[in-house]
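Okay, so here's the structure we're looking at.
The values are calculated or read from the model by the stated rules, or taken from the named source; none is laboratory data. Here the structure is a predicted model, which is why all the values come from computation and not from measurement. Virtual Cβ from ideal backbone geometry, glycine too; neighbours counted across all protein chains shown. We work out accessible area using only protein heavy atoms, side chains counted, and drop any ligands, DNA or RNA first. Shrake-Rupley method; radii C 1.70, N 1.55, O 1.52, S 1.80 Å.
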Amino acid sequence: PRSATVVSSQVGSHRDISYESLSLFRLLEPHIEILVLGTGDRVERLHSGMLKQMRECGIAVEVQDTPNACATFNFLMSEKRMVAAGLIPP
């Protein structure tokens, strides 16, 4: 059976999202393949260098508004993908 774990971080807005703030996702075992980030009420642009660094670690990052990020996360979980979500409340 698959399980989910909830953790809280010190990210208050999309401006706080950095390669360092996403370190937990790089440490998860088993290794995740997709990280879905919900940036609140709307899709926010994240630093392209940080997204590239995550890809180089083998993690694709999907950035969406939080309601759509939740739906994407649930869909990917239903497909038994190795996925994690970082969600900022709308």
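Quick one: VAL36 ticks every box in (1) at pLDDT 95 or above; (2) in contact with a Ser or Thr (Cβ under 9 Å, 6 or more places away or on another chain); (3) farther than 15 Å from ILE88 by Cα except a single one, so which number is it?
Unmet condition: (3).
If we scan the stretch 47-66, do we find a residue that is among the polar types (S, T, N, Q) and open to solvent by 60 Å² or more (accessible area, probe 1.4 Å)?
For the stretch 47-66, residues among the polar types (S, T, N, Q) and open to solvent by 60 Å² or more (accessible area, probe 1.4 Å): present.
Could you list, ordered by first residue, the pairs with Cβ atoms under 8 Å in which the first is in the stretch 3-29 and open to solvent by 60 Å² or more (accessible area, probe 1.4 Å) and the second is among the hydroxyl-bearing types (Ser, Thr, Tyr) and at pLDDT 85 or above, at least 6 apart or interchain?
As it stands, the answer is none, since no pair meets every condition given.
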